[in-house]
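Worksheet for the structure shown next.
The values are calculated or read from the model by the stated rules, or taken from the named source; none is laboratory data. Just so it is clear, the model here is predicted, and its values are computed rather than measured. With ideal geometry, Cβ positions are generated from the backbone for all residues, glycine too; neighbour counts draw on all protein chains shown.
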Amino acid sequence: MSVLDDRLPKLDVSRETQERLQHFASMLEKWSPKINLVAKSTLPDGWNRHIIDSAQVFDLRQQDTGLWADLGAGGGFPGLVVAILAHELAPELKVALVESDQRKSVFLRSVLRETGVSADVKVARIEQLEPLQADILSARALADLPTLLSFAERHLAPTGQGVFLKGANWEKEVAAARESWKFDLAQRTSITDPNAVVLTIGELTHV
C-alpha cells in the first residue's frame, strides 16, 4: 500500500489501483486526440491535472455506500477516477457515469472493461434522465453553479451532497446561485490549482 499522492494522505491505495489509474491515463492520451476528451495542452501534466484533481473529490466523500453519480462524465473526470478508487477503498459504493456523447461513452466503457472496474454508464442528457436519487453528485467543467444546482435538484437524494470542482470565478457563481437557491456550503482550495476550489453542497432547496 502507498499514498496515491502526498497531498492526499488519506488515500492509501494498492499497487493494483495505481496501475489501473496509470492505464486509464495512458488510454486518455491515446483516445483524446481522436475524440477531444481533454484539452491537448493538459495531456503532458495529465496525471496531476486530471487524475489527482479528480482523486481529491473522492477524498471529500462522507460515506462509502449508496450511489455516486457523475454528471457530464466526459473523459472520466472525476467519475471514472472515483470508480477506480472506490473499487478498492469503497467497494459498496455504486458509481454512475452520465454522458450524452456516444463516443465518450464508448471510451468510458472501454476503460472500465480494461481496468476491471464496475460503473454504470448512462448515455442520456442530464435533464431527460430519470431522477437518480444519488447520495453524492459530482461534476467538473460542466456548467455554472446555478445550472448544476438545477441538475442536483433533479438527481440528488434529499440528504445527499453535491461535490463540484470550480475555477477562479467560484465566488461569483455562488453569489448567483444564492439568488435562486438555499444551500449549505463548504469549500476547500484545490490541491492542483490554488485559484480553484472543491465545493461541497447540501440541504438544497429552491428559493
Evaluate segment 100-119: report whether one residue or more is out of contact with any Gly (no Cβ under 9 Å at 6 or more places or on another chain), at pLDDT 95 or above and within 12 Å of ASP70 (Cα to Cα).
no
Answer yes if at least one residue in segment 152-169 is in contact (Cβ under 8 Å) with a residue 24 or more places away in the chain, among the small types (Gly, Ala, Ser), more than 30 Å from GLU29 (Cα to Cα) and part of a helix (DSSP H, G or I), and no otherwise.
yes
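Rundown of residues vs (1) of a type in the set (Ser, Thr, Tyr); (2) farther than 24 Å from GLY167 by Cα; (3) outside any helix (DSSP H, G or I); (4) at pLDDT 95 or above, yes/no style:
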{"position": "ASP5", "(1), (2), (3), (4)": "no, no, yes, no"}
{"position": "PRO9", "(1), (2), (3), (4)": "no, no, yes, no"}
{"position": "THR42", "(1), (2), (3), (4)": "yes, no, no, no"}
{"position": "GLY46", "(1), (2), (3), (4)": "no, no, no, no"}
The one condition in (1) surrounded by fewer than 19 Cβ atoms within 10 Å (Cβ to Cβ); (2) under 20 Å from LEU129 (Cα atoms) that GLY74 fails to fulfil
(1)
Of all residues in segment 79-114, how many are crowded, with 21+ Cβ neighbours inside 10 Å and either in contact with a Lys or Arg (Cβ under 7 Å, 6 or more places away or on another chain) or not in a helix (DSSP H, G or I) (or both)?
7
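Could you run through segment 170-207 and say how many residues are over 25 Å from ASP6 (Cα atoms), within 18 Å of the chain's Cα centre (by Cα) and not in a strand (DSSP E or B)?
Matching residues across segment 170-207 total 1.
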Looking at PRO146, is it in contact with a Lys or Arg (Cβ under 6 Å, 6 or more places away or on another chain), over 30 Å from GLN18 (Cα atoms) and outside any strand (DSSP E or B)?
no
Criterion first (touching a residue at least 12 places away in the same chain (Cβ under 8 Å) and closer than 20 Å to THR192 by Cβ) does LYS94 satisfy it?
no
For segment 40-67, the count of residues that are without any contact (Cβ under 8 Å) to a residue 60 or more places away in the chain and polar (S, T, N, Q) equals 2
Which condition breaks for VAL3 when tested against (1) within 21 Å of ARG188 (Cβ to Cβ); (2) more than 15 Å from the chain's Cα centre (by Cα); (3) surrounded by 21 or more Cβ atoms within 10 Å (Cβ to Cβ); (4) β-branched (Val, Ile, Thr)?
(3)
I need the full set of residues from segment 11-40 which are outside any helix (DSSP H, G or I), at pLDDT below 95 and surrounded by 15 or more Cβ atoms within 10 Å (Cβ to Cβ), in order please.
LEU11, LEU37, VAL38
Within segment 48-78, the count of residues that are part of a loop (DSSP other than H, G, I, E, B) and either on the phi > 0 side of the Ramachandran plot or more than 12 Å from the chain's Cα centre (by Cα) (or both) comes to 7
Expected output for segment 113-137 (first residue farther than 17 Å from LEU156 by Cα, partner crowded, with 19+ Cβ neighbours inside 10 Å and acidic (Asp, Glu), Cβ below 7 Å, 6+ apart or cross-chain) is VAL121/GLU99; VAL123/GLU99
